[in-house]
1. Find which of GLY570, GLN135, GLN425 sits farthest along the positive direction of the dipole of the chain, computed with +1 on the beta-carbon of Lys and Arg, -1 on that of Asp and Glu, about the Cα centre.
2. How large is the dipole of region 122-202 about the Cα centre if only Lys and Arg carry +1 and Asp and Glu carry -1, each at its Cβ, rounded to the nearest 20 debye?
3. What 222 nm value per residue comes from the helices of the chain, counting each DSSP H run with n ≥ 4 as -39,500 (n - 2.57) and dividing by all residues, nearest 500 deg cm²/dmol?
4. Given H placed 1.01 Å from N in the peptide plane, which residues other than close sequence neighbours of ALA240 have an amide H under 5 Å from its amide H?
5. Compare the Cα positions of GLY174, PRO409, ILE528 along the charge dipole of the chain (+1 at Cβ of Lys, Arg; -1 at Cβ of Asp, Glu; about the Cα centre) and return the one farthest towards the positive end.
6. Can you give the log10 of the normalised intensity I(q)/I(0) at q = 0.10, 0.11 Å⁻¹, computed with Debye over equal Cα scatterers of region 247-402?
7. Only counting other Cβ atoms within 10 Å, I'd like GLU110, GLU57 sorted with the fewest neighbours first.
8. Suppose we keep just the DSSP beta bridges with both residues in the chain; what percent of those would be antiparallel, to 5?
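Coordinate-derived values only; no laboratory data. Treat the numbers as computed from the prediction; the structure is a model and nothing was measured. Don't worry about glycine lacking a Cβ; one is built from the backbone with ideal geometry, like all the others, and counts go over all protein chains shown.
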Amino acid sequence: MFLKTITAALAAVCLAEARSAAEQPAPAQPNILWVISDDQRMDSIAAFNRMTRGAPESALGPVLSPYVDGLTERGVTFINTFNQNPSCAPSRAVMHTGRYSHRSGVYGFETHVPRGMDHWRPLVPEVLVQDAGYQTVSVGKRGLRYEEPSAKRRGPATIYQLDLGYRREFAAHGLFDWNPSVRNKDRSRDELFQFPDGEVLKWPADPTKDPADLAELQKRMEIFRAYPSGERDPGKSILAGVNSQTGDQTRDGLFVRELARYLENAGREYTSLKGETLTGPDPQRPLFAHCGFDAPHTPVLPPESFRARFRGVTYEVPEVSEAEIAAFPPQIRKLYRNSRSDHYTDEEKQAMIADYYAFCAFADDLVRQAVDAFVDYSEKADRPWMVLYVCGDHGWRLNEHGMISKFGPWDVDLRDPVVVVSSDQNAFPPGRVVEDFTQFVDMAPTFFAAAGLDLADPAYDHLDGVDLAAVVRGDAAKRDYVIAEPTPVTGPRAVIRTRDYKFAMKIRPKKIDLKDLRWAVEADYADIEPMFYDLRADPGEVDNRAFDARYRPVIDALRKKLQDVVLGDGRIEVDWAQRDAPAFVVSDFAPGADDGRLVLPEVAPAR
């Protein structure tokens, strides 16, 4: 009897605990802030340099990033995150879709209108609204060239419920530092620069016809523009100079101020910086906020308060050898001709490096303002929160490989660490550094999982990435490789990177080709314009060993894996020029190839 009584009592306790657990409310969905800088290389962040080099300086010299350094101490750094397409629009498409370029059909700057295309799925903010009940807001650069399938008139898709504006919207209300305007008959651009007192000076598209403001602009701003070898073309990108405005009046300063104003006015009407009547967020509902900064994208014009901190610094300018340039295959020679920088003077190179890092330091302060405003809003609303910071939609070369710009197959273009900070420190422990390979396709599943969505649901089978929280827990399978398709400028090209090796190849004979998707599989080795680096002996990726016979077994294995993944595992090619009913084909000769696994033969590093 005694034992029966004890057993019954224990059963009652267990039943009560089970009922209590069932009655507990589900954990509140976190507010989520997604911050992305533009064209920012990883070595502009001192904390990343400490993790990879053991010192806060980059290989070029000093950098300044106190706030992001602090974020790495408060959360998890995914130091080996790689983008899948090192150019603005396709990189942001990868993040917003959670899919590789070869699965979405978005490889470059084409406007994509997926009308009637079965492969297309809703983007991150659309899913969070439809499936998780979020309210969504965006400010600054999104970089997507996406139009709604059902749009009756052409125009950008309304994928965020509230768009607080980008450069053009602010400039239309007289709020800008730099603004290129298309208003000439030949569609050339005049550039306008506004100063704190409201004065606006013009850099004309054709300075020979309208030089009035040039001398004054050069005097005040010390503008240095890119120019081709052997000539000076004043219409090229601005690589150095000082901003015409103070930090809070730059376009990025305006973006973060507008976001803060929105967050400060939770649940009530207010007047935006542009004079619009808006309503702040509902604190009773979870919020997904996207903040895209232009900095440090060209024009590289840091505010004087940040530029002054880099005065007098001498940097180690990356050098390029004639042997390296001679080994470039034709597609990379095209990139070199388009963005070469080895012809600039030492003084010009020093200026572009110092002002670029100063602009990155300004971007660090912008991140501070955005994150602090967001966390303050979330804590006042008594709601958990998560911040995901992406250090650049891709990188930026500063004379590495003899070039300035992006679009290349090298790590300086492709490697962009991510930091996640959360009020849930069990999910994202403070100070943790994850060295597993992660990719930009992991952004979407991370947001969905944080919002409480079940990634095992077939509705999310299309995602190519994994939840970063699962990577932290060790629940996600480790990747043996990452891939990328740096197609703009060079033409169709793909890259596979392992811990020890990097292999890149041409994958199609031309940009738009809905036929012959097996061309690269059947092409002669020389025709795929191979590049191969042994990262164990050549971490700077300067010695192309693609035709070194000792590496051929490794190269053959890398080539097969890369071809199977990007050409044969559900690749979609779309003729986006057919806006109303785009023609497309799907290549699926190697289904399941992207399994994250790759075993390579052992080869001793070349000496």
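1. The residue sitting farthest along the positive end of the dipole is GLY570.
2. In debye, rounded to 20, region 122-202 gives about 440.
3. Helices in the chain give a 222 nm mean residue ellipticity of -9000 deg cm²/dmol.
4. PHE224, VAL300
5. It is ILE528, whose Cα lies furthest towards the positive end.
6. Scattering profile of region 247-402, log10 relative to I(0): -0.53, -0.61.
7. GLU57, GLU110
8. Given both bridge residues lie in the chain, the antiparallel proportion sits at roughly 65 percent.
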